[in-house]
């Protein structure tokens with residue numbers, strides 16, 4: 001399973017690199033990845049210190065560090 005999460009983390013990193021800051025919902029919708037897998041991969045990238053999070057009101061934006 002960790003290989004799968006790592007692969008999805010790579011896809012998310014590439015998405016953010018190409019598209020800039022995005023919400024988790026947008027990442028899930030555009031990439032057509034499973035919501036649970038996206039959340040796990042975001043956690044993976046966050047633990048590696050590769051993401052920044054910004055909250056404005058109820059909206060959270062994820063970007064590459």
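The values are calculated or read from the model by the stated rules, or taken from the named source; none is laboratory data. Computed from a prediction, not measured in an experiment: that's the story for all the values here. Don't worry about glycine lacking a Cβ; one is built from the backbone with ideal geometry, like all the others, and counts go over all protein chains shown.
No other residue among 43, 49 is assigned to a loop (DSSP other than H, G, I, E, B) and modelled with pLDDT of 95 or more apart from 49.
So which residues in segment 29-65 are in contact with a strand residue (DSSP E or B) (Cβ under 7 Å, 6 or more places away or on another chain) and either farther than 12 Å from residue 16 by Cα or surrounded by fewer than 12 Cβ atoms within 10 Å (Cβ to Cβ) (or both), if there are any at all? Of everything in segment 29-65, those that are in contact with a strand residue (DSSP E or B) (Cβ under 7 Å, 6 or more places away or on another chain) and either farther than 12 Å from residue 16 by Cα or surrounded by fewer than 12 Cβ atoms within 10 Å (Cβ to Cβ) (or both) turn out to be 53, 54, 60, 65.
Close Cβ contacts (under 7 Å, 6 or more residues apart or on different chains) running from residues in segment 50-65 that are at negative phi and free of Cβ contacts under 8 Å to residues at least 24 places away in the same chain to residues that are assigned to a strand (DSSP E or B) and surrounded by fewer than 12 Cβ atoms within 10 Å (Cβ to Cβ) are absent.
Scanning segment 1-35 for residues that are modelled with pLDDT of 95 or more, out of contact with any helix residue (DSSP H, G or I) (no Cβ under 9 Å at 6 or more places or on another chain) and not in a loop (DSSP other than H, G, I, E, B), we see that the one that is nearest to residue 65 (Cα to Cα) is 17.
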